[in-house]
Each structure stands twice: as structure tokens, then as C-alpha cells.
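To keep things clear, I will list the structure first and then write my remarks on it.
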Amino acid sequence: MLAEDRSVHDWYRFVLSFPPHLVRTYLERFGLNKDNTVLDPFCGTGTTLVECKKLGINCIGIEALPMAYFASRVKLNWGAKPEALQQHASKIAIETEQELAYYKRNGRSNKTSIEASRTLESLPPEKTTLLIKDSISPIPLHKTLILLSVIERLKNDLFYDYERLALAKSLVTSTGNLRFGPEVGIGSIKSDADVVGVWLNEMGAMTADLADFGGINGAQSSVYCADARDLDRILKPESVDVVFTSPPYPNEKDYTRTTRLESVILGFIADKSDLRNLKQTLLRSNTRNVYKQDDDDKWVNNCEEIREISEMIERKRVDLGKTSGFEKLYSRVTMLYFGGMYKHLFQLRPALKSGARLAYVVGDQASYLQVMIRTGHILAQIAQSLGYELESIDLFRSRFATATKQDLREEVVVLRWPGK
Ligand SMILES: C[S@@+](CC[C@H](N)C(=O)[O-])C[C@H]1O[C@@H](n2cnc3c(N)ncnc32)[C@H](O)[C@@H]1O
């Protein structure tokens, strides 16, 4: 990965999100200047926003998932003094090590794992049931919770968010047992981990980036925790020059699951009802977040191609005798997904300046019983039906899907808004 693709971006990022240099390529193509504003309505962990900020371009992000929103927000704050942040982090590390040593003196971490799990710090049952089984072992969890409690106790508003984000990053990359391939799963189980050391390293990397980038930037940036299908109260009329974004695709990726460990430990999801409420704010892109009352499909009922794909998936399900609850939802989630994207593109129009350019990075999918869904092509059709002009559909990368023996294209759909 290019060195300039790491700084700040690496504070916390999704596996396989688009690379920062792709953002730069399109911002250059669109010929932006410092008076322009870029919007990323599905900003995730903030790749577009951080790139804009590095280039001194104003940007707005929207993200429905609290953990990703939090990451974007922190990654846009370059205000902390690096030495002071590092000193505060060192103090937290020392106090955490002291508390951990206290536990050790009391014999707790020397016990067998069954006894240890009774005496170590752990999460309450309603949170534990939210975690993917074995996503973190008892001793690393114990150390993480002690570290978090010290971050809380020594809370300093100037540093607090960075410290929590570094904890989230270390949970995903080192402290937990997660493996991404690209879906989240369980890798090798670590009985112990150097929780404090890893966290302090992350703080060191942040501090170094802040020393490189902090304090020199006049660009305005803001990020909202909101639903990109509901934009009218967030965006000012005719305020956006460029949209650069990567929405979810119609596959089985569940963003609440890929971020579950850190979301639960940092307190963004407290129990099952929180999780359900959160899933309802997301675009319906997987069968785990489809609800009875969902009706985004009404926006695309007249679109023949989407209906045909949905019907083909359902026919194939019946032919193959697939009867699980999730398989029965494959055809419905396809309609709901494109309906949600229709609603988003519909709601976006008043916020766009005349001549605004838009780039949507999306991938073809064949996750639903191997029926090919050409996401970019369909999205372009939906956009054109709403008055957008199609400029191009560019191939960004492709991957060979062994199941279907076909190349799945990841594309950039480039649109232009001609004005009212
Ligand atoms: C492909 S990811 C974007 C990754 C991003 N480019 C990055 O740099 O991390 C899609 C994002 O859309 C978010 N999302 C899903 N439904 C949404 C909605 N209705 N409104 C806003 N964001 C949503 C997901 O939580 C996820 O973070």
C-alpha cells in the first residue's frame, strides 16, 4: 500500500474499502478547487473525507453505523497536540499496567481458564450474547476492559476519542481473535495478548500522523450519523459539487457484524433492541436486516430489470429446494436494496449544484444463488430515471468468483446532475 494511503486512514478502516488513491484520481478528474464541497453519503470509516481534508477540500460525510461514524469523526479531528496526546497515552498505559499487576498479585490471571472467566473483568450477559462466539478470549477481554476503565477515569476531552478509536483498532487487528477474509470470522484463538503495548503503538502512529498533518488545514469537514435515504434535514439546498462514495452492495455483508466486537466493547450497541434499531437505519443489503414493514421496494416496482432478477432468484430457490428463512428473503432484499438506492438518489437531488458530478463505487454480485446482479449497470439506470446523466461506468478492479466462474466487476458509476 502507498505510504500516503496509510496516514490517518490507518487509524481504523474497513478491510477492502476503496483505496485513498482512487478518491484522489476522481477528485482530480472532476477538477475540484478549495471552494468546492464533496459529499460521501455512505462514508464508512471516512476514506473520502480524510483524502479531501488532506487536499484542503471541504467535505461532508453521512454514515448510519455509529462505530464507523465515530471513526470518521475522529479521523477528521487533527487538532490534538501530538506530544500532549502521547504523554496522556503513556500515563494511561502505566496506570493500566499497574492495575493489571494488582489483579495478577491477587492470583487471578494464574488460574485455569474456567476459574479465570469467573474472576476476570467481563461483559454483562446482554452484551456477551451480541458478540460473535470466541471473538475475544477472556484474558485479552479482561485487559481491554481495564484499559477502557482507565481511559474513562483519566478522561480528557482533548484526547478521549483518539484513545477509544485506538482501542477499537487494536481490538480488530491484534487483541481479538477475528479474521477477515473478507467476511469476518474467527481465526486462531489467542489465550493472551499484549493489549496495552498494542494500544500504545496505535497511539504512537496517531501521534506521528498528527505531527505530520495537524493544525495546517483550513478545509471544513463535518460528519453526521444519519440515514442516507433521509437527507432533506441534513444537507443545504444546492450545496454539493461532488459526490464520491461506495454504498453497500446487495450481498450478505452485515456491517453490524464486521464491527460487532468494537461496537459492543465501546458501548455503541448495548443490547438486542439497540442492534435491531441500528439495523433498521441501514440500507437493506443483506437478509439479516430485512423487516416485515420494509417498503423501499415500492420505489423500484416498475423497474423491469430489477423485478426480473428478483423473480429469477426466487425461481432458482424453489428449483433448488432451498427453504431456510434467509434464502426465502434473497429475492426481497434485492428489491429493497435498489429501492433504498432509488430513495437515496431521489432525496439527494435538491442538495446538488447544477453540474454536480457523482461517482458511486459498486460491485457486481452473485451472492444470491449465483444469480448475477450487475449493480453498477442497474444503479446507472435508476439514476437516469431520476434525471441524472450517465457519464461513464469505469472498471476499477475485478475478482474471479469461483462459484460462478465469472469475473465480478467493481466499477465506478460516474453521473452528472444537470440541475432542476
Ligand atoms: C462500502 S462501505 C463504505 C466504506 C467507506 N468508503 C470507507 O472508507 O470506509 C458502506 C457504508 O455504508 C453504510 N450504510 C449502510 N446503510 C446506510 C444508510 N442507510 N445511510 C448511511 N450509511 C449507510 C455502512 O454502514 C457502511 O459503512
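A few points about this structure:
- Any hit, segment 57-68, residues being free of Cβ contacts under 8 Å to residues at least 60 places away in the same chain and either within 8 Å of the ligand (Cβ to nearest atom) or over 21 Å from residue 414 (Cα atoms) (or both): no
- Any hit, segment 290-308, residues being within 11 Å of the ligand (Cβ to nearest atom), at pLDDT below 95 and of a type outside the set (Lys, Arg): no
- Hey, residue 256 touching a Leu at 6+ places or on another chain (Cβ under 7 Å), within 12 Å of the ligand (Cβ to nearest atom) and either without any contact (Cβ under 8 Å) to a residue 40 or more places away in the chain or among the polar types (S, T, N, Q) (or both) or not: yes
- Residue check, residue 244 under 18 Å from residue 59 (Cβ atoms), modelled with pLDDT of 95 or more and among the aromatic types (Phe, Trp, Tyr): yes
- Test: residue in segment 26-33 that is in contact with a Lys or Arg (Cβ under 9 Å, 6 or more places away or on another chain) and within 16 Å of the ligand (Cβ to nearest atom): yes
- Any pair with Cβ under 7 angstrom, 6 or more apart, that starts in segment 82-111 at a residue that is under 20 Å from residue 201 (Cβ atoms) and ends at one that is outside any helix (DSSP H, G or I) and modelled with pLDDT under 95: 82/214
- Hey, residue 231 within 12 Å of the ligand (Cβ to nearest atom), touching a residue at least 60 places away in the same chain (Cβ under 8 Å) and assigned to a loop (DSSP other than H, G, I, E, B) or not: yes
- Residue match in segment 397-409 (condition: in contact with a Lys or Arg (Cβ under 9 Å, 6 or more places away or on another chain) and modelled with pLDDT of 95 or more): no
- Residue satisfying all of: in segment 313-345; among the hydrophobic types (A, V, I, L, M, F, W, C) and buried (at least 17 other Cβ atoms within 10 Å of the Cβ); nearest to residue 251 (Cα to Cα) among these: 333
Conditions tested, residue by residue: (1) within 16 Å of residue 259 (Cβ to Cβ); (2) of a type in the set (A, V, I, L, M); (3) at pLDDT below 95; (4) not in a helix (DSSP H, G or I).
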residue	(1), (2), (3), (4)
142	no, no, no, no
145	no, yes, no, no
150	no, yes, no, no
158	no, yes, no, yes
162	no, no, no, no
166	yes, yes, no, no
171	yes, yes, no, no
188	no, no, yes, yes
196	no, yes, no, no
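- Test for residue 180: is it within 16 Å of the ligand (Cβ to nearest atom), crowded, with 21+ Cβ neighbours inside 10 Å and of a type in the set (Phe, Trp, Tyr): no
- Verdict on residue 244 being among the hydrophobic types (A, V, I, L, M, F, W, C), touching a strand residue (DSSP E or B) at 6+ places or on another chain (Cβ under 9 Å) and within 16 Å of the ligand (Cβ to nearest atom): yes
- Listed by first and then second residue, the pairs with beta-carbon distance under 7 Å, at least 6 apart or on different chains, first residue in segment 33-46 and among the hydroxyl-bearing types (Ser, Thr, Tyr), second buried (at least 24 other Cβ atoms within 10 Å of the Cβ) and in a loop (DSSP other than H, G, I, E, B), are 45/12.
- As a summary of the residue check, residue 381 satisfies the conditions (1) closer than 17 Å to residue 353 by Cα; (2) not in a strand (DSSP E or B) except for the one numbered (1).
The values are calculated or read from the model by the stated rules, or taken from the named source; none is laboratory data. Values in this document were obtained by computation on a predicted structure and should not be read as measured data. With ideal geometry, Cβ positions are generated from the backbone for all residues, glycine too; neighbour counts draw on all protein chains shown.
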